[in-house]
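The values are calculated or read from the model by the stated rules, or taken from the named source; none is laboratory data. Just so you know, these numbers come straight off a predicted model, no measurement behind them. Cβ placement follows ideal geometry from the backbone for every residue including glycine, while neighbour counts extend to all protein chains displayed. Each accessible area value is taken on the protein alone, full model and side chains, heavy atoms only, with ligands, DNA and RNA left out. Shrake-Rupley method; radii C 1.70, N 1.55, O 1.52, S 1.80 Å.
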Amino acid sequence: MAELAKLADVDVSTVSRALNDSPLVKEETKKQIMKIAAETGYAVNASARNLRRQSSEALGIVIPLRPESGQTISDPFYLEMVGAVSKAASANGYDLIVSIPREDETIAERRLLQTGKADGLIVIGQAGMSKRLEHIGPLASKIVVWGGQTGHTNYTLVGSDNVDGGRLAADHLISIGRSQILFLGPINLPEVKLRHQGFLEAHAKHGKHWDTNLLLEIEFGGRNAFEAVIAMLDSGTKFDAIFAASDVLAMAALMALTSRGIRVPEDVAVTGYDNISQASTTTPPLTTIDQNIEQGGRMMVEKLLAQLSGESVKSELTPTRLIVRESTSGEAQPTQ
(Lines give C-alpha, C1' and ligand atoms only; values in the text may rest on other atoms or scores of the structure.)
Protein backbone atom coordinates (compact mmCIF):
# COMPACT_ATOMS: atom_id res chain seq x y z
CA MET A 1 0.00 0.00 0.00
CA ALA A 2 2.94 2.31 0.74
CA GLU A 3 4.36 1.64 -2.74
CA LEU A 4 0.97 2.35 -4.28
CA ALA A 5 0.79 5.64 -2.36
CA LYS A 6 4.20 6.60 -3.69
CA LEU A 7 3.21 5.87 -7.27
CA ALA A 8 -0.02 7.86 -6.92
CA ASP A 9 1.76 10.71 -5.07
CA VAL A 10 -0.67 10.59 -2.14
CA ASP A 11 -0.42 9.38 1.44
CA VAL A 12 -1.19 5.83 2.57
CA SER A 13 -4.44 6.81 4.30
CA THR A 14 -5.77 8.21 1.02
CA VAL A 15 -4.93 4.95 -0.75
CA SER A 16 -6.69 2.97 1.96
CA ARG A 17 -9.82 5.12 1.73
CA ALA A 18 -9.82 4.98 -2.08
CA LEU A 19 -9.57 1.19 -2.14
CA ASN A 20 -12.50 1.05 0.27
CA ASP A 21 -14.52 3.46 -1.92
CA SER A 22 -14.67 6.11 0.79
CA PRO A 23 -16.65 9.31 -0.06
CA LEU A 24 -13.85 11.28 1.65
CA VAL A 25 -11.65 10.79 -1.44
CA LYS A 26 -12.30 12.83 -4.59
CA GLU A 27 -13.55 10.78 -7.51
CA GLU A 28 -10.66 11.89 -9.73
CA THR A 29 -8.11 10.81 -7.12
CA LYS A 30 -9.95 7.57 -6.52
CA LYS A 31 -9.95 6.73 -10.23
CA GLN A 32 -6.23 7.48 -10.47
CA ILE A 33 -5.42 5.19 -7.54
CA MET A 34 -7.64 2.39 -8.85
CA LYS A 35 -6.03 2.71 -12.29
CA ILE A 36 -2.52 2.41 -10.85
CA ALA A 37 -3.62 -0.49 -8.65
CA ALA A 38 -4.98 -2.34 -11.69
CA GLU A 39 -1.87 -1.64 -13.76
CA THR A 40 0.50 -2.87 -11.05
CA GLY A 41 -1.58 -5.93 -10.13
CA TYR A 42 -2.18 -4.68 -6.60
CA ALA A 43 -4.50 -6.83 -4.50
CA VAL A 44 -5.44 -6.64 -0.84
CA ASN A 45 -3.95 -9.65 0.93
CA ALA A 46 -6.53 -10.86 3.41
CA SER A 47 -4.05 -13.16 5.16
CA ALA A 48 -1.69 -10.28 5.87
CA ARG A 49 -4.45 -8.52 7.76
CA ASN A 50 -4.05 -11.01 10.56
CA LEU A 51 -0.37 -11.61 11.28
CA ARG A 52 -1.19 -13.87 14.19
CA ARG A 53 -3.06 -16.45 12.15
CA GLN A 54 -1.45 -16.01 8.74
CA SER A 55 -4.45 -17.85 7.37
CA SER A 56 -7.81 -16.96 5.91
CA GLU A 57 -9.23 -20.13 7.47
CA ALA A 58 -11.11 -20.62 4.21
CA LEU A 59 -10.78 -22.95 1.24
CA GLY A 60 -12.02 -22.10 -2.21
CA ILE A 61 -13.95 -24.41 -4.51
CA VAL A 62 -13.87 -23.47 -8.20
CA ILE A 63 -16.64 -24.79 -10.46
CA PRO A 64 -15.80 -24.06 -14.12
CA LEU A 65 -19.21 -23.89 -15.76
CA ARG A 66 -19.18 -23.60 -19.55
CA PRO A 67 -22.17 -21.75 -21.06
CA GLU A 68 -22.38 -24.22 -23.95
CA SER A 69 -22.78 -27.18 -21.59
CA GLY A 70 -26.15 -26.09 -20.23
CA GLN A 71 -24.98 -26.91 -16.70
CA THR A 72 -25.61 -24.60 -13.77
CA ILE A 73 -24.52 -24.55 -10.14
CA SER A 74 -27.85 -26.24 -9.35
CA ASP A 75 -26.71 -29.40 -11.16
CA PRO A 76 -27.23 -32.21 -8.60
CA PHE A 77 -23.67 -33.48 -9.00
CA TYR A 78 -22.19 -30.07 -8.20
CA LEU A 79 -24.51 -29.60 -5.24
CA GLU A 80 -23.54 -32.95 -3.76
CA MET A 81 -19.83 -32.36 -4.37
CA VAL A 82 -19.99 -28.89 -2.79
CA GLY A 83 -21.81 -30.44 0.16
CA ALA A 84 -19.16 -33.15 0.57
CA VAL A 85 -16.28 -30.66 0.39
CA SER A 86 -18.04 -28.21 2.72
CA LYS A 87 -18.64 -30.95 5.30
CA ALA A 88 -14.98 -31.99 5.23
CA ALA A 89 -13.74 -28.40 5.33
CA SER A 90 -15.96 -27.56 8.29
CA ALA A 91 -14.74 -30.62 10.18
CA ASN A 92 -11.23 -29.19 9.84
CA GLY A 93 -12.20 -25.67 10.92
CA TYR A 94 -12.37 -24.09 7.46
CA ASP A 95 -15.08 -22.11 5.70
CA LEU A 96 -15.75 -22.66 1.99
CA ILE A 97 -15.80 -20.00 -0.74
CA VAL A 98 -17.59 -21.03 -3.95
CA SER A 99 -16.26 -19.43 -7.13
CA ILE A 100 -17.64 -19.75 -10.66
CA PRO A 101 -15.28 -18.29 -13.30
CA ARG A 102 -17.24 -15.92 -15.52
CA GLU A 103 -14.97 -16.34 -18.52
CA ASP A 104 -12.24 -18.72 -19.63
CA GLU A 105 -9.60 -16.02 -19.24
CA THR A 106 -10.71 -15.18 -15.70
CA ILE A 107 -8.15 -16.91 -13.54
CA ALA A 108 -10.36 -17.36 -10.51
CA GLU A 109 -7.95 -19.79 -8.92
CA ARG A 110 -5.10 -17.26 -9.04
CA ARG A 111 -7.24 -14.42 -7.75
CA LEU A 112 -8.50 -16.34 -4.73
CA LEU A 113 -5.02 -17.48 -3.76
CA GLN A 114 -3.04 -14.33 -4.45
CA THR A 115 -5.46 -12.09 -2.56
CA GLY A 116 -5.37 -14.42 0.43
CA LYS A 117 -9.12 -14.97 0.40
CA ALA A 118 -8.49 -18.71 0.41
CA ASP A 119 -5.56 -20.73 1.73
CA GLY A 120 -6.02 -23.36 -0.95
CA LEU A 121 -8.36 -24.39 -3.75
CA ILE A 122 -10.34 -27.39 -4.88
CA VAL A 123 -11.24 -27.35 -8.58
CA ILE A 124 -14.19 -29.49 -9.65
CA GLY A 125 -13.52 -30.79 -13.14
CA GLN A 126 -11.01 -29.99 -15.85
CA ALA A 127 -13.53 -28.75 -18.41
CA GLY A 128 -11.97 -25.81 -20.23
CA MET A 129 -9.21 -25.60 -17.61
CA SER A 130 -6.63 -28.24 -18.57
CA LYS A 131 -4.13 -25.78 -20.06
CA ARG A 132 -4.63 -23.25 -17.27
CA LEU A 133 -4.06 -25.90 -14.64
CA GLU A 134 -0.93 -27.20 -16.34
CA HIS A 135 0.51 -23.68 -16.26
CA ILE A 136 -0.49 -22.88 -12.69
CA GLY A 137 3.18 -23.08 -11.66
CA PRO A 138 4.10 -22.77 -7.97
CA LEU A 139 0.43 -22.40 -7.03
CA ALA A 140 -0.01 -26.12 -7.81
CA SER A 141 0.95 -26.84 -4.19
CA LYS A 142 -2.21 -25.05 -3.11
CA ILE A 143 -4.61 -26.82 -5.49
CA VAL A 144 -6.33 -30.21 -5.65
CA VAL A 145 -8.43 -31.08 -8.71
CA TRP A 146 -11.35 -33.46 -9.10
CA GLY A 147 -11.09 -35.03 -12.53
CA GLY A 148 -9.70 -37.75 -14.75
CA GLN A 149 -6.07 -38.84 -14.95
CA THR A 150 -5.18 -39.04 -18.66
CA GLY A 151 -1.46 -38.34 -18.37
CA HIS A 152 1.12 -36.58 -16.22
CA THR A 153 -0.17 -33.58 -14.27
CA ASN A 154 1.76 -31.12 -12.12
CA TYR A 155 -1.10 -30.87 -9.64
CA THR A 156 -2.72 -33.30 -7.22
CA LEU A 157 -5.75 -35.05 -8.70
CA VAL A 158 -8.57 -36.96 -7.04
CA GLY A 159 -11.31 -38.70 -8.99
CA SER A 160 -13.17 -41.95 -9.35
CA ASP A 161 -11.69 -44.89 -11.22
CA ASN A 162 -13.46 -43.85 -14.40
CA VAL A 163 -12.11 -46.70 -16.53
CA ASP A 164 -13.37 -49.25 -14.03
CA GLY A 165 -16.70 -47.44 -13.82
CA GLY A 166 -17.20 -47.57 -17.58
CA ARG A 167 -16.20 -51.21 -17.60
CA LEU A 168 -18.64 -52.09 -14.80
CA ALA A 169 -21.52 -50.37 -16.60
CA ALA A 170 -20.89 -52.08 -19.93
CA ASP A 171 -20.26 -55.47 -18.26
CA HIS A 172 -23.63 -55.23 -16.57
CA LEU A 173 -25.55 -54.21 -19.68
CA ILE A 174 -23.90 -56.94 -21.78
CA SER A 175 -24.55 -59.52 -19.05
CA ILE A 176 -28.30 -58.86 -19.19
CA GLY A 177 -28.32 -59.42 -22.95
CA ARG A 178 -28.02 -55.90 -24.31
CA SER A 179 -25.94 -55.65 -27.49
CA GLN A 180 -26.75 -52.24 -28.98
CA ILE A 181 -25.64 -49.82 -26.27
CA LEU A 182 -25.84 -46.09 -26.84
CA PHE A 183 -23.02 -44.16 -25.12
CA LEU A 184 -24.20 -40.74 -24.04
CA GLY A 185 -21.72 -38.03 -23.00
CA PRO A 186 -18.98 -35.54 -23.99
CA ILE A 187 -15.95 -37.79 -24.57
CA ASN A 188 -13.73 -34.75 -25.15
CA LEU A 189 -13.64 -34.36 -21.35
CA PRO A 190 -10.98 -36.42 -19.50
CA GLU A 191 -13.37 -38.18 -17.11
CA VAL A 192 -15.84 -39.16 -19.82
CA LYS A 193 -13.06 -40.25 -22.16
CA LEU A 194 -11.87 -42.67 -19.49
CA ARG A 195 -15.41 -43.98 -18.91
CA HIS A 196 -15.71 -44.57 -22.63
CA GLN A 197 -12.37 -46.40 -22.57
CA GLY A 198 -13.63 -48.79 -19.89
CA PHE A 199 -16.87 -49.19 -21.86
CA LEU A 200 -14.90 -50.30 -24.93
CA GLU A 201 -12.66 -52.61 -22.88
CA ALA A 202 -15.73 -54.44 -21.59
CA HIS A 203 -16.98 -54.99 -25.13
CA ALA A 204 -13.58 -56.36 -26.15
CA LYS A 205 -13.49 -58.68 -23.12
CA HIS A 206 -16.87 -60.13 -24.11
CA GLY A 207 -15.86 -60.36 -27.78
CA LYS A 208 -18.55 -57.85 -28.70
CA HIS A 209 -18.37 -55.30 -31.51
CA TRP A 210 -19.56 -51.83 -30.59
CA ASP A 211 -21.07 -49.72 -33.35
CA THR A 212 -19.45 -46.25 -33.30
CA ASN A 213 -22.72 -44.83 -34.62
CA LEU A 214 -24.06 -45.43 -31.12
CA LEU A 215 -22.00 -42.55 -29.72
CA LEU A 216 -24.03 -39.47 -28.85
CA GLU A 217 -21.60 -36.73 -27.85
CA ILE A 218 -23.67 -34.32 -25.82
CA GLU A 219 -22.83 -31.89 -23.03
CA PHE A 220 -23.90 -32.55 -19.45
CA GLY A 221 -26.96 -30.26 -19.52
CA GLY A 222 -30.20 -32.21 -19.10
CA ARG A 223 -32.29 -30.31 -21.67
CA ASN A 224 -29.68 -30.82 -24.40
CA ALA A 225 -29.57 -34.51 -23.60
CA PHE A 226 -33.35 -34.87 -23.72
CA GLU A 227 -33.52 -33.26 -27.16
CA ALA A 228 -30.55 -35.27 -28.46
CA VAL A 229 -32.05 -38.61 -27.40
CA ILE A 230 -35.39 -37.64 -28.94
CA ALA A 231 -33.60 -36.83 -32.21
CA MET A 232 -31.77 -40.16 -32.07
CA LEU A 233 -35.03 -42.04 -31.56
CA ASP A 234 -36.74 -40.16 -34.37
CA SER A 235 -33.83 -40.95 -36.71
CA GLY A 236 -34.67 -44.64 -36.44
CA THR A 237 -31.35 -45.63 -34.87
CA LYS A 238 -31.76 -48.93 -33.01
CA PHE A 239 -30.43 -49.50 -29.52
CA ASP A 240 -31.50 -51.61 -26.56
CA ALA A 241 -29.53 -49.87 -23.81
CA ILE A 242 -28.02 -46.53 -22.83
CA PHE A 243 -24.91 -45.87 -20.77
CA ALA A 244 -24.97 -42.20 -19.81
CA ALA A 245 -21.79 -40.57 -18.49
CA SER A 246 -23.74 -38.90 -15.68
CA ASP A 247 -26.97 -39.46 -13.79
CA VAL A 248 -28.34 -36.14 -15.06
CA LEU A 249 -27.87 -37.35 -18.63
CA ALA A 250 -29.41 -40.70 -17.73
CA MET A 251 -32.47 -39.03 -16.18
CA ALA A 252 -32.91 -36.90 -19.30
CA ALA A 253 -32.71 -40.08 -21.38
CA LEU A 254 -35.38 -41.71 -19.20
CA MET A 255 -37.69 -38.76 -19.84
CA ALA A 256 -37.03 -38.88 -23.58
CA LEU A 257 -37.73 -42.60 -23.80
CA THR A 258 -40.92 -42.28 -21.77
CA SER A 259 -42.15 -39.42 -23.96
CA ARG A 260 -41.88 -41.71 -26.99
CA GLY A 261 -43.68 -44.59 -25.28
CA ILE A 262 -40.55 -46.71 -24.96
CA ARG A 263 -40.50 -48.91 -21.89
CA VAL A 264 -37.60 -48.88 -19.46
CA PRO A 265 -36.11 -51.39 -18.94
CA GLU A 266 -38.14 -53.78 -21.13
CA ASP A 267 -37.29 -52.01 -24.41
CA VAL A 268 -34.23 -49.98 -23.41
CA ALA A 269 -32.13 -50.45 -20.26
CA VAL A 270 -30.51 -47.31 -18.82
CA THR A 271 -27.41 -46.90 -16.67
CA GLY A 272 -26.01 -43.65 -15.30
CA TYR A 273 -22.87 -42.55 -13.49
CA ASP A 274 -22.44 -40.68 -10.16
CA ASN A 275 -25.13 -42.19 -7.88
CA ILE A 276 -26.56 -38.81 -6.90
CA SER A 277 -29.43 -38.96 -4.41
CA GLN A 278 -32.14 -38.52 -7.09
CA ALA A 279 -30.98 -41.66 -8.88
CA SER A 280 -32.90 -43.87 -6.47
CA THR A 281 -36.15 -41.90 -6.90
CA THR A 282 -36.48 -41.76 -10.69
CA THR A 283 -39.15 -43.77 -12.50
CA PRO A 284 -37.92 -46.43 -12.69
CA PRO A 285 -35.08 -46.11 -10.13
CA LEU A 286 -31.78 -45.68 -11.95
CA THR A 287 -28.98 -48.22 -12.15
CA THR A 288 -25.75 -46.27 -11.83
CA ILE A 289 -22.06 -46.26 -11.00
CA ASP A 290 -21.34 -44.98 -7.51
CA GLN A 291 -18.16 -42.91 -7.56
CA ASN A 292 -18.22 -42.12 -3.83
CA ILE A 293 -18.77 -38.37 -4.00
CA GLU A 294 -18.63 -37.90 -0.23
CA GLN A 295 -15.40 -39.86 0.05
CA GLY A 296 -13.96 -37.87 -2.86
CA GLY A 297 -14.81 -34.56 -1.18
CA ARG A 298 -13.17 -35.69 2.04
CA MET A 299 -10.05 -36.92 0.23
CA MET A 300 -9.61 -33.63 -1.62
CA VAL A 301 -9.82 -31.57 1.57
CA GLU A 302 -7.43 -33.88 3.42
CA LYS A 303 -4.88 -33.81 0.60
CA LEU A 304 -5.16 -30.05 0.20
CA LEU A 305 -4.60 -29.41 3.91
CA ALA A 306 -1.65 -31.81 3.88
CA GLN A 307 -0.12 -29.90 0.99
CA LEU A 308 -0.63 -26.58 2.77
CA SER A 309 1.26 -28.06 5.73
CA GLY A 310 4.19 -28.82 3.46
CA GLU A 311 3.56 -32.54 3.10
CA SER A 312 4.03 -34.43 -0.15
CA VAL A 313 0.83 -36.08 -1.39
CA LYS A 314 -0.09 -38.26 -4.35
CA SER A 315 -3.06 -38.30 -6.69
CA GLU A 316 -5.63 -40.95 -5.77
CA LEU A 317 -8.77 -42.57 -7.16
CA THR A 318 -11.93 -43.42 -5.29
CA PRO A 319 -13.31 -46.94 -5.85
CA THR A 320 -16.36 -47.37 -8.07
CA ARG A 321 -19.20 -49.85 -7.65
CA LEU A 322 -22.24 -50.81 -9.66
CA ILE A 323 -25.61 -50.02 -8.06
CA VAL A 324 -28.27 -52.13 -9.80
CA ARG A 325 -31.83 -50.79 -9.78
CA GLU A 326 -34.97 -51.31 -11.84
CA SER A 327 -33.83 -49.37 -14.93
CA THR A 328 -31.77 -52.35 -16.13
CA SER A 329 -33.96 -55.37 -15.49
CA GLY A 330 -36.16 -57.04 -18.10
CA GLU A 331 -35.69 -58.70 -21.48
CA ALA A 332 -33.88 -56.92 -24.29
CA GLN A 333 -36.07 -55.72 -27.16
CA PRO A 334 -34.22 -53.30 -29.51
CA THR A 335 -36.08 -50.10 -30.40
CA GLN A 336 -37.99 -50.18 -33.63
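Worth a mention:
- Compared with the dominant principal axis of the Cα atoms in the chain, helix 162-175 is inclined by about 20°.
- Inverse mean reciprocal Cα-Cα distance (Kirkwood Rh) of region 196-238, Å: 12.0 Å
- Translational D in µm²/s for region 1-44 (Stokes-Einstein at 4 °C, 1.567 mPa s, Kirkwood Rh from C-alpha pairs): 130 µm²/s
- Burial order of peptide ranges 5-12, 301-308 (average beta-carbon count within 10 Å, highest first): 301-308, 5-12
- Averaging the sequence gap over all C-alpha pairs within less than 8 Å and six or more residues apart, then dividing by the number of residues, gives region 1-44 a relative contact order of 33 percent.
- Burial ranking of peptide ranges 249-261, 143-155 (average Cβ count within 10 Å, highest at the top): 249-261, 143-155
- Taking the inverse of the mean reciprocal distance over all distinct Cα pairs, the Kirkwood hydrodynamic radius of region 209-336 comes to 16.1 Å.
- Most to least packed among 232-243, 286-297, 196-207 [average Cβ atoms within 10 Å]: 286-297, 232-243, 196-207
- Options (i) 27, 25, 20; (ii) 31, 24, 18; (iii) 47, 21, 16 - which one matches semi-axes √(5λ) of the Cα gyration tensor in Å as calculated here: (iii)
- Size descriptor, Kirkwood hydrodynamic radius, that averages inverse alpha-carbon separations across region 150-272, Å: 14.6 Å
- Of Leu24, Leu121, Leu184, the one that fluctuates the most in a GNM where the chain has Cα springs shorter than 10 Å: Leu24
- Accessible-area composition of the chain, carbon plus sulfur, in percent [1.4 Å probe]: 50 percent
- Degrees separating the helix 76-91 axis from the principal Cα axis of the chain, which is the longest one: 50 degrees
- Inter-label distance for Arg223 and Lys87, nm, one decimal - labels placed 7 Å from Cα along Cα-to-Cβ: 3.1 nm
- 24 Å Cα-Cα threshold exceeded, pairs from Lys117/Lys193; Lys6/Lys31; Lys6/Lys30: Lys117/Lys193
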